[in-house]
1. Can you report the number of residues in the stretch 40-87 which are open to solvent by less than 60 Å² (accessible area, probe 1.4 Å), part of a helix (DSSP H, G or I) and modelled with pLDDT of 75 or more?
2. Does residue 185 meet the test of being within 31 Å of the chain's Cα centre (by Cα), exposed (fewer than 11 other Cβ atoms within 10 Å of the Cβ), not in a loop (DSSP other than H, G, I, E, B) and not hydrophobic (A, V, I, L, M, F, W, C)?
3. Listed residues 129, 135, 103; which is under 18 Å from residue 182 (Cα atoms), charged (D, E, K, R), in a helix (DSSP H, G or I) and touching a strand residue (DSSP E or B) at 6+ places or on another chain (Cβ under 9 Å)?
4. Take the residues in the stretch 111-122 that are outside any helix (DSSP H, G or I) and either aromatic (Phe, Trp, Tyr) or open to solvent by 70 Å² or more (accessible area, probe 1.4 Å) (or both), then tell me which one is farthest from residue 173 (Cα to Cα).
5. Just one of (1) at pLDDT below 90; (2) surrounded by 13 or more Cβ atoms within 10 Å (Cβ to Cβ); (3) closer than 30 Å to residue 89 by Cα; (4) not aliphatic (A, V, I, L, M) trips up residue 198, so point out which.
6. Can you pull out the residues in the stretch 146-181 that are without any contact (Cβ under 8 Å) to a residue 40 or more places away in the chain and open to solvent by 60 Å² or more (accessible area, probe 1.4 Å)?
7. Can you name the number of the only condition in (1) in a strand (DSSP E or B); (2) farther than 22 Å from residue 121 by Cα that residue 179 fails?
8. If I ask for residues that are at pLDDT 85 or above and hydroxyl-bearing (Ser, Thr, Tyr), which ones from the stretch 227-254 would you list?
Amino acid sequence: ALVRCIAALEKLELAGEQVVYESDAVRRDGTRFEVEMRYLPIQYQGRPHVLAIARNITERKRAEAAMRASEEQYRAIFNASDDALVLWDSRLRRVDVNPAYERMIGRTREEVVGRGYDAREGSQEYVERRLDLVRRSLAGETCNVELESVRQNGEHFRADIRTIPVVHRGEPHVLTVVHDVTERRGREEALRASEEQYRSIFNASFDGMIIRTLEGEIVDVNPALLAMYGYAREELIGKTFGPIISEQRAGSFRDYLAEVASGRPYRTESRVPRNDGSKVYIEVLGSPVTYKGRPHVLSVVRDITARREL
């Protein structure tokens, strides 16, 4: 510090200009702090002198270091996100976008930062729907919608768009998070189509059908099964034992569930009572199935009374 002070004084003597520098300093008690030294040429009692002004800048330096760390953390998270991120200012200009935005939309950071939407990015309606979200978030609202979006190459995709009010460098901004849900929507539509197909086959079958959990609870039955036994749907759904399987048969019933769940084909015949007290001969074919994403047991029940009574 002494060497820098002497150098500053020499510079003042040679050039007559003020000198400012920052340095570590030590108090009398040994504690350290950061100081800004400012040396000014002055006239004192008719002779040239130097006025030294010392300012404790420890807190300012800490605040600057915290700000740098915060911005470094922001930048690391911002750039690492798989979702496209866009930071908007209060003048509806993009002040930052992340690499995921460049990949998803197909526009570079240099093309969009400092600019709002332009005609190349979509129709007036397309642009206004998105700017409306930014305006609402500038007013303090968090918005979330799903919209059809367009990449630079003209390809359409389904996007989940969330706008969040944030403060950036002390000013109100809006962070837009764009998540491409095209594949997810495709899987959901395929699943709906599959379930509709399952339901149409399930309900149209002439054979009775029961779907049970691996513990034996009935989760679905078809109309043919209800007609065969003479029960209403609500009398069977959620039951394990009762109208169809008595608790006296619990042991063999659990063996049946275990056999089917293990993947081994299972077939049996038996004579069971209907709701009206009459008897019916049935053939049961058991097989493992996946129902709503989880393993279940499907029992296909066929009325073989006519064949047995011949």
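The values are calculated or read from the model by the stated rules, or taken from the named source; none is laboratory data. None of the values given here were measured: they were computed from a predicted structure. No Cβ is skipped: glycine too gets one built from the backbone with ideal geometry, and neighbour counts run over all protein chains shown. These accessible areas exclude ligands, DNA and RNA; they are computed on the full protein's heavy atoms, side chains included. Shrake-Rupley method; radii C 1.70, N 1.55, O 1.52, S 1.80 Å.
1. Total satisfying the criteria: 3.
2. no
3. Numbers: 129 fails: under 18 Å from residue 182 (Cα atoms); 135 fails: under 18 Å from residue 182 (Cα atoms).
Checking each option against the conditions leaves just 103.
4. 117
5. (3)
6. Matches in the stretch 146-181: 148, 155, 156, 158, 162, 167, 169, 170.
7. (2)
8. 229, 231, 240, 252
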